[in-house]
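Trainee: My structure is below; once you've seen it, I'll send some questions.
The values are calculated or read from the model by the stated rules, or taken from the named source; none is laboratory data. Values in this document were obtained by computation on a predicted structure and should not be read as measured data. Reconstructed Cβ throughout: ideal geometry from the backbone, glycine too, with neighbour counts over all protein chains shown. Only protein heavy atoms, including side chains, enter the accessible area calculation; ligands, DNA and RNA are left aside. Shrake-Rupley method; radii C 1.70, N 1.55, O 1.52, S 1.80 Å.
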Amino acid sequence: METHPEFYHKVEVLYILIQGNEQIGHPHMIQVQYPSHQQAPTLRDVKCRLTALRGRGMPDLYSWSYKRSYKGNFIWCDVFDNDVILPLSGSGEYVLKALEVFEVSLGA
């Protein structure tokens with residue numbers, strides 16, 4: 001698929017993978033492209049880029065949150081595919097956390 005650069009914005013997104021209670025390796029930085037009519041990238045835009053870099057299915061193994069400022073503190077805001085990811089106020093950085101999803105079997 002050919003893209004026209006004048007119709008897209010690019011931002012750098014930092015993401016951290018979490019498995020259980022432990023961070024998996026170091027944070028990763030990727031460049032994400034999103035349509036110019038959007039105010040910011042959506043989780044779907046990030047997942048599309050991750051699929052291209054890490055392989056199909058990888059992004060769906062995780063539950064996603066982005067870091068934001070709230071009343072002078074930092075919090076994690078859960079996001080879904082069509083949700084816009086907002087940058088940290090002041091720095092303009094996009095920071096995501098990916099928490100590994102695991103299935104819980106309920107005993108019968």
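Trainee: Shape call for the chain from the C-alpha gyration tensor, a ≥ b ≥ c root eigenvalues: rounded (a/c under 1.5), prolate (a/b greater than b/c) or oblate? Intermediate values should be presented prior to the final figure.
Mentor: Values: a/c = 1.95, a/b = 1.33, b/c = 1.47.
In terms of gyration-tensor shape, oblate.
Trainee: Using a 10 Å Cβ count of at most 12 others and DSSP loop calls, identify the longest part of the chain lacking such trypsin sites (Lys or Arg not before Pro). If you can, show how the numbers build up before the last one.
Mentor: Numbers: sites that count: Arg56, Lys71.
Result for the longest clean stretch: 1-55.
Trainee: What is the percent carbon and sulfur in the accessible area of the chain, measuring with a 1.4 Å probe over the protein chains and ignoring ligands? Please report the intermediate quantities before stating the final value.
Mentor: Details: 3870 of 7630 Å².
Answer for the chain is 51 percent, counting heavy atoms of protein chains only.
Trainee: Which residues make up the longest stretch of the chain that has no chymotrypsin sites (Phe, Trp or Tyr not before Pro) in a DSSP loop with at most 10 other Cβ atoms within 10 Å? The partial results should precede the final answer.
Mentor: On the way: sites that count: Phe80, Phe102.
Of all site-free stretches, the longest is 1-79.
Trainee: Only bridges with both residues in the chain count here: give the DSSP antiparallel percent, nearest 5. Before the final figure, lay out the partial values.
Mentor: Numbers: 23 of 29 bridges.
Around 80 percent antiparallel, to the nearest 5.
Trainee: Next question, about the same structure. Please return the longest stretch of the chain lacking exposed loop sites, where GluC sites (Glu not before Pro) count only if DSSP places them in a loop and at most 10 other Cβ atoms lie within 10 Å.
Mentor: Numbers: sites that count: Glu2, Glu103.
Answer from the scan: 3-102.
Trainee: Within the chain, how many Lys pairs that are eight or more residues apart, or on different chains, come under 17 Å at the alpha-carbon?
Mentor: Lysine pair count for the chain: 4.
Trainee: Tell me the per residue accessible area of the range 16-62 using a 1.4 Å probe; a whole number in Å² is fine. Don't skip to the answer; put the middle values down first.
Mentor: Values: 2960 Å² over 47 residues.
Accessible surface, normalised per residue, equals 63 Å².
Trainee: To the nearest 0.05, how large is the calculated FRET efficiency for Lys71 and His26 if R₀ is 35 Å and r is the Cβ-Cβ distance? Spell out each step's value before the answer.
Mentor: Details: r = 30 Å, r/R0 = 0.85.
For R0 = 35 Å, the calculated efficiency reads 0.75.
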